[in-house]
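Asker: What follows is a structure written as structure tokens; I'll ask about it next.
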Amino acid sequence: MIQYWPDLSMPSVQLTNCVPANSTNRTTFVIPCCTMAALGGGSGTNSGGGSIDPMSMSMSRIGLSEESDSGPDLLVVQPDGSTFPIKLLPQGIDTNGMVLIDAPPESETVPSFTANAFGAEGETPAGISDGGCDCPSYGFFRVWHIPDFLADVTDYVFDGPTFIPVDYKDYDDRVGTMTLLIDGVATTNAEFTEYDYGGQTNFGVGFYCDRLTNGSYTVQMLTTLRASDILDDSATTLVLSNLTRTITISNEVTFPNWVDLISSNTYPFLAESTTTNVDWEIDIYDVYNNFVNSQTGHSDDGSIEWDWDLMDYWGNSRADSDADPDFYPYITITPSGSMTPHTPRPARSMPPVAAKFPSVGGWIISYTDHFYTDGVTNWEWADGYYTNALNLMCGGPATWSIPFTKFPLKYGLTYTNGERETSWINLRSVMFQPSYRNFYFFGHGSGTVIGGDFNITKTNFVIGGTSFPRSKSFLQSQWVHDNITFNKYAGARPYRFVFLDGCSTATGDWPQAFGIPKSAEPLSYYQGTPNRPSAFVGWNVTMGGSPEWGTVANFWGYRQDWMADWAINYYSDGLKDQLDEANYDSSWINISFLHDHMRIYGYDEIGFRDYNRAGDWP
């Protein structure tokens with residue numbers, strides 16, 4: 001996808017999209033200067049994602065009429081350097097990929113296509129003169145590789161969960177979201193993931209096609225990329241789409257109606273066999289690969305159902321997720337109804353059983369450790385308020401003997417890249433544990449990313465955060481969605497409470513990533529479902545930088561007062577009221593300013609210990 005800027009003060013113009021490479025080492029795309037002048041006055045866009053047919057770039061697109069042989073005096077440069085007039089080409093021929101130059105006066109020498117990139121004064125790139133027209137002398141261009149499937153999936157027959165490698169070039173650390181469209185509609189049965197093979201890490205799509213019914217589909221991938229390493233909502237994002245392909249899904253057993261959460265100590269196994277009149281057997285193993293239980297049955301129409309009561313083969317309850325965080329079922333089917341003996345099909349994996357809510361949901365209180373001291377020298381005093389408030393916030397869960405972990409993240413240039421990245425790897429590992437279901441984070445953020453490597457500073461003040469190219473020192477909403485909340489490989493484990501205390505964290509998809517609706521909902525919203533009442537707190541703007549945001553002392557006084565009020569006054573007010581009460585106690589900011597910029601989604605009346613134990617909700 002190619003973008004053009006007449007000058008850097010103007011928005012970008014998308015020139016074309018989905019243009020395939022037309023050379024082994026170099027792809028050439030030519031736009032005459034008059035076209036540049038016209039584009040300079042047009043409206044711009046920051047996103048790709050269209051489906052322009054590259055073969056539609058005919059001569060009429062570059063200024064030649066298909067009804068006339070007249071047009072600009074252009075020459076076609078051949079690979080050997082020789083040229084011929086473009087008018088000699090047949091009308092309507094595709095000129096994309098040709099090197100074109102202005103035909104010079106007879107007294108001038110034809111410039112080579114290897115000329116200085118910006119030519120002489122008054123000339124456009126490659127030495128093309130302006131021909132006397134009022135055109136820009138040069139422009140700014142950026143070429144984006146559109147992430148695409150590395151393998152040719154056209155007409156491929158998919159069977160079972162599949163990893164599809166994607167050519168992201170060097171964008172994998174900038175992927176904000178990856179959405180797979182099936183017949184033009186986003187599917188939840190795909191994830192952006194990595195796969196290690198032969199000592200090499202491959203990035204791509206984990207496609208759980210056995211959760212769809214068999215048949216023919218179109219498939220397309222939408223990729224949202226951050227266009228810079230700055231971690232806030234001022235950074236430009238691009239949405240790029242590859243071309244659609246037609247695929248076939250053909251599984252002997254499918255799970256289109258699979259249930260991802262356990263309800264009332266019962267788990268329903270639901271499957272569909274393409275072979276009717278079958279005998280079936282489901283075998284369950286625990287996380288330690290020990291046999292748990294099995295069930296057999298027969299189906300005349302291919303529908304397979306079994307409601308497991310979470311009891312093992314010996315009559316013991318396996319409902320305690322502290323001891324049994326995950327279960328892995330397998331199914332074997334055997335065609336029946338014939339006098340001839342039938343061989344059972346090989347056992348195949350079923351989707352995992354979701355992790356049941358723990359006996360009590362633990363807390364993670366995480367923060368970037370050198371937030372106030374990285375790159376500046378006049379904020380050391382603020383670090384004292386910072387660390388003291390975080391220590392006091394840990395007293396909330398400690399008051400009720402709720403497990404918690406205080407998790408500082410290595411941040412700033414005093415650490416190596418490896419040290420910073422390792423701390424984020426460790427945080428992801430802790431968040432994955434099903435015993436944790438409450439999460440507080442303080443640091444730089446945006447609608448889809450939190451974290452970063454170091455501060456952006458100006459006149460000894462912190463004004464933002466950024467990451468080094470190729471860094472992994474951050475957390476993305478899609479990673480949380482795919483690997484924790486809606487994990488198709490190890491089971492779903494949505495969070496009960498999340499407070500992302502960073503800039504613009506309520507503007508994107510963070511609530512949904514943790515399994516929390518992006519709207520305020522009453523308790524009745526959750527009743528009759530296995531989805532436990534939950535809440536998300538975030539901000540809809542960049543925080544700080546003006547007097548409206550108060551002082552650092554009151555900023556952190558608010559947070560420790562909120563935690564104390566919410567935890568200790570458990571039997572009185574819920575979350576929203578306690579967030580307001582803490583503002584009164586700490587004298588932090590104007591209450592209307594708080595309401596304008598703080599967002600509370602989900603069940604905003606939830607109490608500190610409400611629905612935080614296994615038996616608190618069906």
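The values are calculated or read from the model by the stated rules, or taken from the named source; none is laboratory data. Treat the numbers as computed from the prediction; the structure is a model and nothing was measured. Cβ atoms come from the backbone with ideal geometry, glycine included; neighbour counts cover every protein chain shown. Protein only, heavy atoms only, side chains kept; ligands, DNA and RNA dropped before computing areas. Shrake-Rupley method; radii C 1.70, N 1.55, O 1.52, S 1.80 Å.
Asker: Can you tell me how much longer the chain between residue 243 and residue 185 gets when fully stretched, taken as 0.36 nm per residue apart minus their C-alpha distance, in nm with one decimal?
Answerer: 19.4 nm
Asker: Could you state the per residue volume, in Å³, of the convex hull enclosing the Cα atoms of segment 330-411?
Answerer: Cα convex hull per residue, to the nearest whole number: 132 Å³.
Asker: Considering only protein heavy atoms, with the full assembly of protein chains and a 1.4 angstrom probe, order 603, 313 by accessible area, largest first.
Answerer: Putting 603, 313 in descending order of accessible area: 313, 603.
Asker: Could you pull the accessible area for residue 237 with a 1.4 Å probe, rounded to 10 Å²?
Answerer: Accessible area of residue 237: about 70 Å².
Asker: Moving to a separate point now. Taking a probe of 1.4 Å, how large is the accessible area per residue of segment 190-335, in Å²?
Answerer: Normalised by residue count, the accessible surface of segment 190-335 is 44 Å².
Asker: Now for a different question. Which order do 226, 428 take by accessible area at a 1.4 Å probe, largest first?
Answerer: 428, 226
Asker: In whole Å and largest first, what semi-axes does the C-alpha gyration tensor of segment 302-365 yield when each eigenvalue is scaled by 5 and square-rooted?
Answerer: 35, 13, 9
Asker: Please go through the residue pairs 410/472; 169/472; 356/488; 356/518 and name each one whose alpha carbons sit more than 20 Å apart in this structure.
Answerer: 356/518
Asker: Now for a different question. Rounded to the nearest Å, what's the spacing between the alpha carbon centres of segment 192-265 and segment 308-374? Just the number, please.
Answerer: 22 Å
Asker: Please work out how much length the chain gains when fully extended from residue 525 to residue 141, using 0.36 nm per residue of separation minus the C-alpha to C-alpha distance, in nm with one decimal.
Answerer: My answer for the length gained is 133.3 nm.
Asker: If you don't mind, there's one more thing I want to ask. What GluC sites (Glu not before Pro) in segment 204-313 are in a loop by DSSP, with at most 15 other Cβ atoms within 10 Å of the Cβ?
Answerer: Sparse-neighbourhood loop GluC sites (Glu not before Pro): none present.
Asker: Accessible area per residue of segment 466-618 at 1.4 Å probe, in Å²?
Answerer: Heavy-atom SASA per residue in segment 466-618 reads 38 Å².
Asker: Here's another thing I want to ask about it. Could you check the simple spin-label distance between residue 263 and residue 348, using points 7 Å along Cα→Cβ, in nm with one decimal?
Answerer: Modelled inter-label distance: 2.7 nm.
Asker: For segment 478-497 and segment 518-589, what is the separation of their Cα centres, given in Å?
Answerer: 24 Å
Asker: Hey, could you pull the Cα Rg and Dmax for segment 385-540, both in Å?
Answerer: When restricted to the Cα atoms of segment 385-540, Rg and Dmax are 16.3, 56 Å.
Asker: Let me ask another. Just the number, please: carbon plus sulfur as a percent of the accessible area of segment 459-606, 1.4 Å probe, no ligands or DNA/RNA counted.
Answerer: Summing carbon and sulfur atoms, their accessible area is 53 percent of the total for segment 459-606.
Asker: On a 1.4 Å probe surface of the protein chains, which of 566, 306 comes out largest in accessible area, and what is the full order?
Answerer: 306, 566
Asker: Any chance you could look up the accessible area of residue 415 with a 1.4 Å probe, heavy atoms only, rounded to 10 Å²?
Answerer: 50 Å²
Asker: Using only protein heavy atoms and a 1.4 Å probe, report how much of residue 276 is accessible, in Å² to the nearest 10.
Answerer: Surface accessible to solvent at residue 276 totals approximately 80 Å².
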